There are 2 protein chains.
Amino acid sequence: MSSTPRKRRASGGREARRTARRQAPVSTAAFIDREIPCFNLLNDEALETIEHNADTVLEEIGIEFRDFPEALELLRNAGADINGERVRFPRGLCRSIIQASAPAEYTQHARNPERSVIIGGDRTVLVPAYGSPFVRDLDSGRRYATLEDFQNFVKLAYMSPALHHSGGTVCEPVDIPVNKRHFDMVYSHLKYSDKPFMGSVTHPERAEDSVAMAKIVFGDDFVEENTVMTSLINANSPLTFDATMLGAATVYARHNQATMISPFLLAGAMSPVTVAGTATQILAEALAGITYVQLVRPGAPVIFGTFAAAVSMQSGAPTFGTPEPSLILYAAAQLARRLGLPFRSGGALCASKIPDAQAAYESANTMQTAALAGVNFMLHAAGWLEGGLAMGYEKFVMDADQAGMIAALLGGVDMSDAGLAMDAMREVGPGSHFLGASHTRAHFEKAFYRSKIADNNSFEQWELEGSMDAAQRANGIWKRMLNDYELPPLDPAIDEALLDFVARRKAEFPDQNY
Amino acid sequence: MSSTPRKRRASGGREARRTARRQAPVSTAAFIDREIPCFNLLNDEALETIEHNADTVLEEIGIEFRDFPEALELLRNAGADINGERVRFPRGLCRSIIQASAPAEYTQHARNPERSVIIGGDRTVLVPAYGSPFVRDLDSGRRYATLEDFQNFVKLAYMSPALHHSGGTVCEPVDIPVNKRHFDMVYSHLKYSDKPFMGSVTHPERAEDSVAMAKIVFGDDFVEENTVMTSLINANSPLTFDATMLGAATVYARHNQATMISPFLLAGAMSPVTVAGTATQILAEALAGITYVQLVRPGAPVIFGTFAAAVSMQSGAPTFGTPEPSLILYAAAQLARRLGLPFRSGGALCASKIPDAQAAYESANTMQTAALAGVNFMLHAAGWLEGGLAMGYEKFVMDADQAGMIAALLGGVDMSDAGLAMDAMREVGPGSHFLGASHTRAHFEKAFYRSKIADNNSFEQWELEGSMDAAQRANGIWKRMLNDYELPPLDPAIDEALLDFVARRKAEFPDQNY
């Protein structure tokens, strides 16, 4: 999306965007500036019922904050009722704490300022998938991911114009010990991309290492005064936060770095087997986690996260791209807007093991839903396979192509004279065609989204070219991209300082695989 | 969807639906009764601009009604300005004629009353794809369609609970002469299904034959007083209607049968290369065509149709499932609602030749859009491949599975106490799971949509079962369906009368392939 308001648009929010632009001197080309409304599934009465019930959950049932006494202390001082590790919140307490300090939007700075993103409001940032131990490609099938795969996906995201973010654990580099992977992951994001990235959350020390490495690149003061990482804090649903996630969230909040507090729900297993019940639990968990972050450092950027799938009631397996998680996502986005926070959801989610029609139906269903719901931070927008167990090379470029379509969809309708095209209809008239019309010639280049994956040729041409399916075409595309990849510039002194830091820290403690 | 309003729902329209139910004694299980809002892309100002411009097109440029003098006569008498075959409409004339008589919704009766559908308002009817000369399946690839294929798709639609309609030319039975195919097609719909169907539109006489055959089944008076067919009338865009389509529309309107007046646009070729310009042209064409139908018989049921794809500006080929046609579809649905008419769009549209990821991304993008836009009659909801040139067996059952998801999505959120599930959260509490909870056990059976195509098993289980992709699983499903198919009951006397009619009429004129 261009930063220049060159078109008259059909829907509002321009003034708010202009204000944001004045505040944040970054190019809006780095993210989507939404020009269409959000889809509001539920009416106010339904939303108020869910909000009331979430407060009842917080008041009656409460949330466990496990093995993390400092959280209990903070929460008690803020007015929560503590019983062991069970924290109960008086009705309305969480909302008032959050709304007193949590920002409605924030800028996550990239090391290339042109790639900094604004998260919140009418903006949408599309982010690669996160967390898979396996990778898959057409040539070698499914295998454990390595650091080379990790770097490949960082490079592919860097080269994908529709992806605005380098992501976090784009796959698990299982060839590196668990307790040292974060060094290589953060370094790879900083070295092979200049897009914004996510920090490590698997241990508070690893979060501190992520902050330290960011400081080498951005400078100590800049990091403390701005936000350069957005990191993923999952709840242990139902109604529980554990010490690992609380520890990482605490580190990031203290350094003014953003966290997304994400209830991670497989509905039917980790939340009720209904849409409204699951939305209620999401809100209760998000309110509790975000409240904690605001108590650690009032004003620290925080995203209302959600990850919701439905469990198959036959097998217990998670399912994706089905209607109930879409309804949950729409509802959660509305709840986040009413709370006044940026919203995160999943993107190209699917259960399929391979980049086939199942993968695509499920991914498109979720991406369309997330886009219309008004997601601000769409994690898992590219690459996800097998319920997140595998990152697919072909799937990645296929999803990235869909991500470009999401940008065009959210770009809305050009209502300028050129867009209204009355002259074109006057020029062409009945029974003729528009292909050679002067209006068409003037506007065709940017008129329609051009897919890099879709084959729109005739059957005969397609057959002549080898009758390839989309995954086979995608296979050629990611290989060409990696072949054409060029490193973004990085000050050699900074690169050396990063490598020194990593080498020194890695030498300070033994390898461990936990 | 159930006809009993068993749930408290989050969005409105209940009263209107209850009224409709009193008027039409048909089961709502036969179609979707929408419980969620429509997505309104454009604001009123933008819609008014498009409406103003469409009136300018009708007033200044006008519409050609070709080779059909009786239309010119009717239109002249209604106040249009006729110049040769060019018809110009004073501003507002079309809208006032349409709103004076065209019904906002109507019942299309099926020969099995339980399968009659209400078209319009909050209802959505999902209909198979229409018009392909080829079929494709995994076993024999792509080949010309035959009457056997036609009958197979009628059977598959009959057996698909998420498809509410038998469709029309589900594929072209090219083994039957062009001028006699309609007998076999209409007979097949009546014989092999009891769902509602579409009549022939390729010649006015074939439309008359369709009416005559319907009368054998429904009775003469019933057909004249009710609607038992909904048939497809495409405009020859830009801004033209031809004698074939006008002739068929005239026949159907005279007999009180429904038509959908559908601008058929490949944007950039048959309409301007912009969203707003194409929406304007759609509205102008629909207004003109629908006005004509209302002049033929005021009150004859008519649908505001649209078929919009974008042309690839590199190759001239049509593309599907891309963002601009989605924006057009959202806009057109709003324009139809403001006019007060039922709305038709495409469904599972795609350019892919095979049921691969491209097909699924594109189809899902269009189906999600159509569903949220508020489509009442979703043509091409199952089977479409290759821009409509091929009907796919595997694609059909894959899309029909998605159609079931659309029904669940439009079913909305259960806001009853069971849906809100507070007892479930009280029962389970933090850190446990919901799988064995009494609330889960009471509600899991109808909780989540269960796909027949998706494989949600573990990677290992999937591999053990042959590492099949979605298309391979679909291949087994359509074969089992055809194997299990049973004829719906049909009075043997009626069957004999139909066969006699077809034999007599076929003998009256020689075979021709046009």
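The values are calculated or read from the model by the stated rules, or taken from the named source; none is laboratory data. Treat the numbers as computed from the prediction; the structure is a model and nothing was measured. Cβ: placed from backbone, ideal geometry, glycine included. Neighbour counts: every protein chain shown. Quick note on the areas: whole protein, heavy atoms, side chains included, nothing else; ligands and nucleic acids left out. Shrake-Rupley method; radii C 1.70, N 1.55, O 1.52, S 1.80 Å.
Worth pointing out:
- The single condition among (1) in a strand (DSSP E or B); (2) surrounded by fewer than 20 Cβ atoms within 10 Å (Cβ to Cβ) that B:Pro161 does not meet is (1).
- The one condition in (1) more than 8 Å from chain A (Cβ to nearest Cβ); (2) in contact (Cβ under 8 Å) with a residue 40 or more places away in the chain; (3) crowded, with 19+ Cβ neighbours inside 10 Å that B:Asp484 fails to fulfil: (3)
Residue by residue, here is whether (1) open to solvent by 30 Å² or more (accessible area, probe 1.4 Å); (2) at pLDDT below 95; (3) not aromatic (Phe, Trp, Tyr) holds:
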| site | (1), (2), (3) |
| --- | --- |
| B:His433 | yes, yes, yes |
| B:Gly436 | yes, yes, yes |
| B:Asn456 | yes, no, yes |
| B:Trp462 | no, no, no |
| B:Ala471 | no, no, yes |
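- Residue match in region B:93-109 (condition: buried (at least 23 other Cβ atoms within 10 Å of the Cβ), modelled with pLDDT of 95 or more, in a loop (DSSP other than H, G, I, E, B) and touching a Lys or Arg at 6+ places or on another chain (Cβ under 8 Å)): no
- Residue that is within 21 Å of B:Ile406 (Cα to Cα), in a helix (DSSP H, G or I) and not hydroxyl-bearing (Ser, Thr, Tyr), where the choices are B:Ala333, B:Ala381: B:Ala333
- Selection status of A:Ala129, under 19 Å from A:Tyr485 (Cα atoms), in a loop (DSSP other than H, G, I, E, B) and small (Gly, Ala, Ser): no
- Residue ID - nearest to the other protein chains (Cβ to nearest Cβ), chosen from residues in region B:423-452 that are of a type in the set (Lys, Arg) and over 17 Å from B:Ala407 (Cβ atoms): B:Arg426
- So A:Leu74, is it surrounded by fewer than 21 Cβ atoms within 10 Å (Cβ to Cβ), at pLDDT 95 or above, under 28 Å from A:Val228 (Cα atoms) and not acidic (Asp, Glu): yes
- So B:Ala418, is it farther than 23 Å from A:Arg142 by Cα, open to solvent by 20 Å² or more (accessible area, probe 1.4 Å), within 9 Å of chain A (Cβ to nearest Cβ) and in a helix (DSSP H, G or I): yes
- Any hit, region A:238-253, residues being assigned to a loop (DSSP other than H, G, I, E, B), within 14 Å of chain B (Cβ to nearest Cβ) and free of Cβ contacts under 8 Å to residues at least 24 places away in the same chain: no
- Flag for A:Leu490 being touching a residue at least 24 places away in the same chain (Cβ under 8 Å) and open to solvent by 50 Å² or more (accessible area, probe 1.4 Å): no
- Conditions (1) assigned to a strand (DSSP E or B); (2) within 26 Å of A:Ala235 (Cβ to Cβ); (3) open to solvent by less than 10 Å² (accessible area, probe 1.4 Å); number of the one not met by A:Val135: (2)
- When we screen A:Glu172, A:Glu148 for residues that are open to solvent by 10 Å² or more (accessible area, probe 1.4 Å) and part of a helix (DSSP H, G or I), the only hit is A:Glu148.
- Answer from B:Leu329, B:Leu335 - the residue that is more than 9 Å from chain A (Cβ to nearest Cβ), at pLDDT 95 or above and open to solvent by 10 Å² or more (accessible area, probe 1.4 Å): B:Leu329
- Number of positions in region A:111-149 that are over 14 Å from A:Gly168 (Cα atoms), in contact (Cβ under 8 Å) with a residue 40 or more places away in the chain and in contact with an Asp or Glu (Cβ under 7 Å, 6 or more places away or on another chain): 13
- Of everything listed in (1) within 14 Å of chain B (Cβ to nearest Cβ); (2) at pLDDT 95 or above, the single unmet condition for A:Leu265 is (2).
- Note on region B:287-317: residues that are assigned to a helix (DSSP H, G or I) and either open to solvent by 10 Å² or more (accessible area, probe 1.4 Å) or not aliphatic (A, V, I, L, M) (or both) amount to 6.
- Of the residues contained in region B:221-235, one or more are found to be more than 26 Å from B:Leu283 (Cα to Cα), open to solvent by less than 10 Å² (accessible area, probe 1.4 Å), touching a residue at least 40 places away in the same chain (Cβ under 8 Å) and part of a loop (DSSP other than H, G, I, E, B).
- Extreme residue, farthest from the other protein chains (Cβ to nearest Cβ), among residues of region A:270-286 that are open to solvent by 10 Å² or more (accessible area, probe 1.4 Å) and of a type in the set (A, V, I, L, M, F, W, C): A:Met270
- For region B:60-71, residues that are under 27 Å from B:Ala276 (Cα atoms) and either open to solvent by less than 40 Å² (accessible area, probe 1.4 Å) or away from chain A (no Cβ under 12 Å) (or both) total 5.
- Positions within region B:25-80 being part of a loop (DSSP other than H, G, I, E, B) and more than 30 Å from B:Val413 (Cβ to Cβ), in sequence order: B:Gly62, B:Arg66, B:Asp67, B:Phe68, B:Ala78, B:Gly79, B:Ala80
- Exactly one residue out of A:Gly305, A:Gly346 is modelled with pLDDT under 95, away from every other protein chain (no Cβ under 13 Å) and either farther than 30 Å from B:Gly466 by Cα or in contact with a strand residue (DSSP E or B) (Cβ under 8 Å, 6 or more places away or on another chain) (or both), and it is A:Gly346.
- Looking only at residues in region B:391-415 that are among the aliphatic types (A, V, I, L, M), surrounded by fewer than 24 Cβ atoms within 10 Å (Cβ to Cβ) and more than 7 Å from every other protein chain (Cβ to nearest Cβ), the one that is nearest to B:Lys452 (Cα to Cα) is B:Ala407.
- Some residue of region A:178-201 being under 18 Å from the mean Cα position of the chain (by Cα), under 25 Å from A:Phe307 (Cβ atoms) and β-branched (Val, Ile, Thr): yes
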